[in-house]
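**Student:** What follows is a single structure, and I will ask about it in a moment.
The values are calculated or read from the model by the stated rules, or taken from the named source; none is laboratory data. It should be emphasised that the depicted structure is a prediction, and the values quoted were computed from it without experimental measurement. Don't worry about glycine lacking a Cβ; one is built from the backbone with ideal geometry, like all the others, and counts go over all protein chains shown. Calculation scope for accessible area: heavy atoms of the full protein, side chains included, ligands and nucleic acids excluded. Shrake-Rupley method; radii C 1.70, N 1.55, O 1.52, S 1.80 Å.
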Amino acid sequence: MPEPPRSLCPISLALDIFGDAWTLLIVRDLMFKGLNTFNAFLNAGEGIATNVLTDRLARLEAAGMIEKTRDTKDARRYVYRLTSKGADLAPVLVQIVLWSARNTETDVPPEQVAAMAADPLGFAERVRESLLRRDL
């Protein structure tokens, strides 16, 4: 059973789910990079350890942020996908990208930052809709 929350503060509740150094990076990989397998996350370049990745995927699944299914091409493998609840983070991640692009050098292509900046909510909604249409 999950531990009871520290408080009912919305920020505290959100941080209980994705307030560590790795969880939002996994969501980013699912949302913006199209990664969806354990090995793809492992090789995404961030240097996450296998045990940490396993734990964060399990936490995200328990929180209803992602779902996993067997890969139709290789039944030994799982494929991960953001749920509607996870895809609802699109506006938050867009704002984090925009904040970072304004305040530091990033590797996000300038044209993508410009598209996000021109219509942050529209951009986020297009990302969200795309995620929810994606077939595993």
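**Student:** Compute and list, largest first, the equivalent-ellipsoid semi-axes of the range 86-127 from the alpha carbon gyration tensor, each √(5λ) rounded to a whole angstrom.
**Tutor:** Values for the range 86-127, descending: 17, 11, 8 Å.
**Student:** Only loop residues by DSSP count here, and only those with at most 15 other Cβ atoms within 10 Å; note down the trypsin sites (Lys or Arg not before Pro) in the range 22-116 that meet that. Don't skip to the end; give the middle numbers.
**Tutor:** Numbers: sites: Arg28, Lys33, Arg56, Arg59, Lys68, Arg70, Lys73, Arg76, Arg77, Arg81, Lys85, Arg102; in loops: Lys33, Lys73, Arg76, Arg77.
Answer by residue number: Lys33, Lys73, Arg76, Arg77.
**Student:** With a point put 7 Å past each Cα toward its Cβ, work out how far Thr72 is from Phe32 in nm, to one decimal.
**Tutor:** 2.9
**Student:** What Kirkwood hydrodynamic radius do you get for the chain when you take the inverse of the mean 1/r over all pairs of distinct Cα atoms, in Å?
**Tutor:** Computed over the chain, the radius equals 15.9 Å.
**Student:** While we're here: Could you work out how far the C-alpha centroid of the range 81-111 sits from that of the range 41-74, in angstrom?
**Tutor:** What the calculation gives is 19 Å, centre to centre.
**Student:** Placing one identical point scatterer on every Cα of the range 47-93 and ignoring solvent, what is log10 I(q)/I(0) from the Debye formula at q = 0.24, 0.28, 0.30, 0.31 Å⁻¹?
**Tutor:** Treating every Cα as an identical point scatterer, log10 I(q)/I(0) equals -0.95, -1.03, -1.04, -1.05.
**Student:** Continuing with the same structure: What is the sum of charges around Glu67, taking Lys and Arg as +1, Asp and Glu as -1, for the other residues whose C-beta is under 9 Å from the C-beta of Glu67?
**Tutor:** The answer is +1.
**Student:** Exposed loop GluC sites (Glu not before Pro) only (DSSP loop, at most 16 other Cβ atoms within 10 Å): please give the longest stretch of the chain free of them, not including the sites.
**Tutor:** That gives 47-104 as the longest site-free run.
**Student:** Counting C-alpha atoms alone, how compact is the range 55-124: give Rg to one decimal and Dmax as a whole number, in angstrom.
**Tutor:** Just the Cα atoms of the range 55-124 yield Rg and Dmax of 15.6, 44 Å.
**Student:** Another question about this same structure. If R₀ is 22 angstrom, what is the calculated FRET efficiency for the pair Ala62 and Ile96, using the beta carbon separation as r and rounding to 0.05? Provide the component values of the computation, followed by the final result.
**Tutor:** Values: r = 23 Å, r/R0 = 1.06.
Computed FRET efficiency for Ala62 and Ile96 comes out at 0.40.
**Student:** Counting heavy atoms of the protein chains only and a 1.4 Å probe, report the per residue accessible area for the range 1-107 as a whole number of Å².
**Tutor:** That works out to 62 Å² per residue.
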